[in-house]
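Worksheet: one structure, shown below.
The values are calculated or read from the model by the stated rules, or taken from the named source; none is laboratory data. Just so it is clear, the structure is predicted and the values come from calculations on it, not from any experiment. All Cβ positions, even for glycine, are placed from backbone atoms using ideal geometry, and neighbour counts span all protein chains on display. Just the protein is used for accessible areas: all its heavy atoms, side chains included, with ligands, DNA and RNA removed. Shrake-Rupley method; radii C 1.70, N 1.55, O 1.52, S 1.80 Å.
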Amino acid sequence: MSTLTLRNICKRYQNDNYAVKDFNLEISDQEFIIFVGPSGCGKSTTLRMIAGLEEISGGELWIDGELSNYLEPKERNLSMVFQNYALYPNMTVYDNMAFALKVRKMPKKQIDEKVQEAARILEIEHLLERYPKALSGGQKQRVAIGSAIVRNPKLFLMDEPLSNLDAKLRAQMRVELSKLHKELGTTMIYVTHDQTEAMTLGTRIVVMKAGEVSQVDSPQVLYQHPVNKFVAGFIGSPSMNFLDVSLYRGYDVENQKTYLTIEDHPVYLLEKTARLLKEKGYHRSKVTFGIRPEDIYTEEGKEANPKLEYSEAMQVTIIARELLGAEVMLYFDLEGIQFCARVEPENQTRAGEKLKVYFDLNRIHLFDMETEQTLNL
Amino acid sequence: MEAIHNTAGAVNLKSQAELDALHRVMNAKAKRKKNIRTGGLLAANIVVAIIILLPLLYAVSVALMPSSELFTMDLNVLPKQPTLENFKNALENVPLLKFVLNSFVVAGIITIGQIITCSMAAFAFAFLDFKGKNVIFMLVMATMMIPGEATIISNYLTVSSWGWLDTYQVLIVPYLTSAMGIFLFRQFYMSFPISLYESAKLDGCGNIKFILKILMPLTKSAIGAMAVYTFINAWNMYMWPLLVTGSEAKRTVQIGISMLNSVDAQSITLMIAGVVIIIVPSISIFIVGQKQLIKGMFSGAVKG
């Protein structure tokens, strides 16, 4: 059982450069929290501050209700898995896993039990006598996780543990990590820059940008309702399409709908979206329009999903086509900006051909051009 | 596509016997080429080794000559009547074995001391973060720029005011640490993955334990290199022992050897015999440690 509270955590370097600024987060027991963001956003620094490897310049860190800012790393009883595994090359796998327990002067018999148990969970029993140099990347990763779990720490910290593995192994380890989390029930904090890992593993995701938290939420909410343009663009692959557009309001009485124009075609917004915009004072102004590749439909896609609300047809010229097996990516330009649409694999449109596309009006995202905050939330 | 098929067909046409013969011929050719290359390299190495070793070998040869043989008009490269008389005389004239023992004690303690102090200082410079780290490191490095001769008089005055003259500690204490050693270890530690240190810290392992259990076993080659380098340097010390030791009881070999060179009885062969005796330990240390020395000196340099 462990809870973690980070209150206004800051990491400040000389001349008031903030690596992390006012980081607030409550983590309850058994959560799988992901810190995600582009490199240099302070996610690793935050993790290292929790571990005690980096001094906290401001704010409070509470572990299980205890102020832990000033505790030594070993007193915090956390364990960490590093990107490059950090196995001691001069010790066998067994000794690597037993090291932390030996340092803590645990009786030999108990150590043996714990190591065997961890080895069983991770299926590395046959590797115990080997040295790290005789292990493959995936095996090293398992051993590193093994050395972390033998201690029954309050909290697992993982700093991009999968980024040294090849793509296939990474996918496999991702599934296993998720399984491990269920099995152990320990709270985990996991740092990654890979949004796929973030989406698949996390119960909650913390999206960071330039030392500040952009949004904390479950993967689904994060995906469907990003609070700003950064989160919208960072989560999801291929990323959301963005375009700066103008908002208008129809003048004739019958057609008082709010609309925006893309290449002089009007895209009428839904009533609820229009109302939200009006409440926030955005009419007849410029905004950023965003839509995910899978929310752009072709004629066939539209017919297959008749319940959705679509925009008017928009004629586009396909400039590139990518077949990914289960789906096809079509690329086209709108007002000089490249858009990507994910369509059904049966679609045979080739580069250079014209195609009618429709936007799912419920999935349109609109952002303020300056603050980049989401407007229709 | 056609062409490839054709050649493949041609290869297939050959019978097994023909193929075996072809293998034999080609293999013999490749072997001959390899042998010539190895032989050439070996010959070149032997020539270079002889040129480099010539003074040393000549010294051994002279040490085995009766002194009458040396002072002739002919060029005597090898002794005509080899004798061990010179060695016997050298050992009788001065207490050479006592000097060798002194040198061993001094050089041994200096080596151990330097490994301990240098590795600890280097650990601090490489792994710990403290105020003024870079300034202090620069100061340490700056001491390497000062020639030893410049400080030797003031050092002499200091130790003599402590009444340390003619003791073991005066030979040992000033050399218990070295900027060179700190630098060498630091460079080595810099290439050491910092995450191992952090991981050890999270595992609850203190600094000293980390040095003993993880850092030292993993930097054995650096320690070996450092040990050989330090031991040979300490063994070859001349100026300082000459200045601070007076009695035979505390003299080291390098000073002792010069005692063989007295104005009254100048014997080159006797002196050379003494020299041969005292270079044996340093050469044997080098032979034992050369692998470590070379590995240690260079592995730190190329690892990023």
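Side notes on the structure shown:
- With a 1.4 angstrom probe, the accessible area lost at the A-B interface totals about 1700 Å².
- Once each of the chymotrypsin sites (Phe, Trp or Tyr not before Pro) sitting in a DSSP loop with at most 15 other beta-carbon atoms within 10 Å is removed, chain B keeps B:163-237 as its longest stretch.
- Within the protein assembly as shown, DSSP assigns beta bridges of which about 75% are antiparallel (rounded to the nearest 5).
- The orientation-averaged shadow of the Cα convex hull for region A:13-134, equal to a quarter of the hull surface, comes to 10.1 nm².
- Under the combined filter of DSSP loop state and at most 14 neighbouring Cβ atoms within 10 Å, region A:1-68 retains these GluC sites (Glu not before Pro): A:Glu55.
- Taking a point 7 Å out from the Cα of A:Ser237 in the direction of its Cβ, the residues of region A:184-199 whose backbone N falls within less than 12 Å of it are A:193-199.
- With 0.36 nm allotted per residue and the present C-alpha distance subtracted, the A:Arg7-A:Asn164 stretch has 53.3 nm of extension available.
- The equivalent ellipsoid that matches the C-alpha gyration tensor of the protein assembly as shown spans semi-axes of 73, 37, 25 angstrom, in descending order.
- Candidate lysines - alpha carbon under 20 Å from B:Lys131, same-chain residues fewer than 8 apart omitted: A:Lys11
- Trypsin sites (Lys or Arg not before Pro), loop per DSSP, at most 12 other Cβ atoms within 10 Å - longest free stretch of chain B: B:132-302
- Among A:Gly281, A:Leu247, A:Ile34 the positive-end extreme of the charge dipole of chain A (Cβ point charges): A:Ile34
- Against the compact-protein benchmark of 2.2 N^0.38 Å, the Cα-based radius of gyration of chain A scales to 1.20.
- Per residue value of the accessible surface for region B:189-293 (all protein chains in place, 1.4 Å probe), Å²: 43 Å²
- Approximate spin-label separation A:Glu125-A:Gln315, in nm, with each point projected 7 Å along Cα-to-Cβ: 7.0 nm
- Dipole in debye (nearest 20) - region A:107-160, about Cα centre, beta carbon charges: Lys, Arg +1; Asp, Glu -1: 160 debye
- FRET E, pair A:Met329, A:Lys109, Förster distance 60 Å, beta-carbon r, rounded to 0.05: 0.55
- Radius, Kirkwood style, for chain B when every pair of distinct Cα atoms is counted (Å): 24.4 Å
- Take the Cβ atoms of A:Lys272 and A:Glu66, set R0 to 45 Å, and the FRET efficiency comes out at 0.45.
- Distances between placed amide hydrogens fall under 5 Å for A:Leu334 paired with A:Phe339, all partners being 5 or more residues away or on another chain.
- With contacts taken as Cα pairs under 8 Å and at least 6 residues apart, region A:241-368 reaches a relative contact order of 29 percent.
- Accessible carbon and sulfur surface of region B:102-214 relative to its total accessible area, %, 1.4 Å: 71 percent
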